[in-house]
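In what follows, a single structure is set out as structure tokens and then discussed.
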Amino acid sequence: MDLVQAIVLAIVEGLTEFLPISSTAHMIFTSSIFGIENDEFVKMFQVSIQFGAILAVVVSYWRKFVDFSTFRFYTKLIIAVIPALVLGKLFDDKIEAVLEKPLPIAIVLIVGGVILLFIHRFFKNTRIDEEKDITTKSALTIGFWQCLAMMPGTSRAAASIIGGMQQGLTMRMAAEFSFFLAVPTMFAVTCYSVFLKDWELTNAAGLIVETKGYEMLFTKDHLFLFILGNVVAFIVAMLAIKFFIGVLKKYGFKMWGWYRIVLGIAFIVYYSFIK
């Protein structure tokens with residue numbers, strides 16, 4: 001992966017992580033179109049630049065995150081993230097296997113798009129418009145909804161937003177709580193990817209050796225791409241968050257539903273007839 005490819009992936013991550021359109025699907029599509037080799041460093045890079053994206057949430061909502069008087073806010077986030085941490089660890093290898101199969105991802109994109117087109121009909125009684133009114137039980141339920149995003153193509157944002165509306169949150173509050181929940185979720189995923197996960201690399205002798213993510217950063221080029229990717233993802237995510245809330249208030253979810261459907265069809269056409 002070269003400098004331009006790293007910047008492109010970081011832009012895609014920043015743009016799509018908080019939108020209900022699946023950042024994973026966009027990463028796969030982008031990598032294929034730009035001819036980015038799907039080696040272990042690239043896989044780790046795609047996960048770890050989420051750190052830049054979550055910093056965008058913390059900065060955008062810094063008053064919420066530095067208000068330590070509302071301890072229940074942190075309690076709800078901790079409870080909501082537990083399902084993803086447990087199930088993510090259990091199904092990590094199976095998730096990676098699906099990442100190489102475009103058809104299931106395309107189907108999930110399309111199905112999710114149809115759901116977003118009619119989401120207002122499914123959840124009409126959405127009245128909770130303040131984070132303090134979200135109960136611990138609702139936070140945990142949203143956390144389980146978020147686990148649907150372990151299927152590539154679902155979108156973590158879409159799953160948690162739908163879960164929020166199912167629990168009575170307004171569109172805006174569901175989107176904001178999805179942002180909040182992304183911080184511990186993606187921070188945990190990034191730490192696991194960089195410090196705990198064993199990545200399989202082929203050494204000069206042709207043998208497969210297990211390597212931690214941070215060990216891949218010891219080379220000057222890798223470390224530079226890692227830092228640059230996080231910086232770019234942070235800047236782009238800051239813009240994407242503000243853009244998403246504005247569009248959501250004005251147009252709702254329909255435009256994102258249609259986008260997912262078109263992207264799913266493009267996935268099928270590209271991987272069936274072009275690639």
Check your understanding: Filtering region 16-46 down to residues that are under 21 Å from ASN230 (Cβ atoms) and among the polar types (S, T, N, Q), which residue is surrounded by the most Cβ atoms within 10 Å (Cβ to Cβ)?
Key -> SER22
Review point. Considering region 79-107 alone, what residues qualify as being in contact with a Pro (Cβ under 8 Å, 6 or more places away or on another chain), within 19 Å of VAL47 (Cβ to Cβ) and either modelled with pLDDT of 80 or more or not in a helix (DSSP H, G or I) (or both)?
Key: VAL81, LEU99, ILE105
Study note, to complete from the structure: Across region 150-172, the tally of residues that are in contact with a Ser or Thr (Cβ under 9 Å, 6 or more places away or on another chain), in contact (Cβ under 8 Å) with a residue 24 or more places away in the chain, assigned to a helix (DSSP H, G or I) and aliphatic (A, V, I, L, M) stands at 5
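Any residue in region 236-244 that is out of contact with any Phe, Trp or Tyr (no Cβ under 7 Å at 6 or more places or on another chain), under 21 Å from ILE28 (Cβ atoms) and part of a helix (DSSP H, G or I)?
yes
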Check your understanding: Considering region 21-30 alone, what residues qualify as being in contact (Cβ under 8 Å) with a residue 24 or more places away in the chain and either over 15 Å from ALA237 (Cβ atoms) or of a type in the set (S, T, N, Q) (or both)?
Key -> SER22, SER23, THR24, ALA25, ILE28, PHE29
Check your understanding: Say we look at region 118-143 and pick out the residues that are over 22 Å from the mean Cα position of the chain (by Cα) and part of a helix (DSSP H, G or I); which of these is surrounded by the fewest Cβ atoms within 10 Å (Cβ to Cβ)?
Key -> ARG121
Study note, to complete from the structure: Counted residues in region 47-63 being under 10 Å from VAL231 (Cα atoms) and surrounded by fewer than 18 Cβ atoms within 10 Å (Cβ to Cβ) come to 0
Exercise for review: Could you tell me which numbered condition PHE244 fails, if it satisfies all but one of (1) hydrophobic (A, V, I, L, M, F, W, C); (2) surrounded by 18 or more Cβ atoms within 10 Å (Cβ to Cβ); (3) modelled with pLDDT of 90 or more?
Suggested key: (3)
Practice item. Would you point out the residue of region 27-72, among those that are within 30 Å of THR202 (Cβ to Cβ) and among the hydroxyl-bearing types (Ser, Thr, Tyr), that is modelled with the lowest pLDDT? Key: SER32
Point to revise | Selection status of ASP67, surrounded by fewer than 16 Cβ atoms within 10 Å (Cβ to Cβ) and either under 27 Å from LYS220 (Cα atoms) or of a type in the set (A, V, I, L, M) (or both) | key: no
Review point. Can you name the residue in region 188-223 that is of a type in the set (Phe, Trp, Tyr) and within 20 Å of MET27 (Cα to Cα) and is also farthest from the chain's Cα centre (by Cα) among such residues?
Key: TRP199
Practice item. Would you check which residues across region 180-201 are part of a strand (DSSP E or B) and over 16 Å from VAL42 (Cα atoms) and list them? Key: none
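The values are calculated or read from the model by the stated rules, or taken from the named source; none is laboratory data. Just so we're clear, the structure is a prediction, and the values are computed from it rather than from any experiment. Cβ: placed from backbone, ideal geometry, glycine included. Neighbour counts: every protein chain shown.
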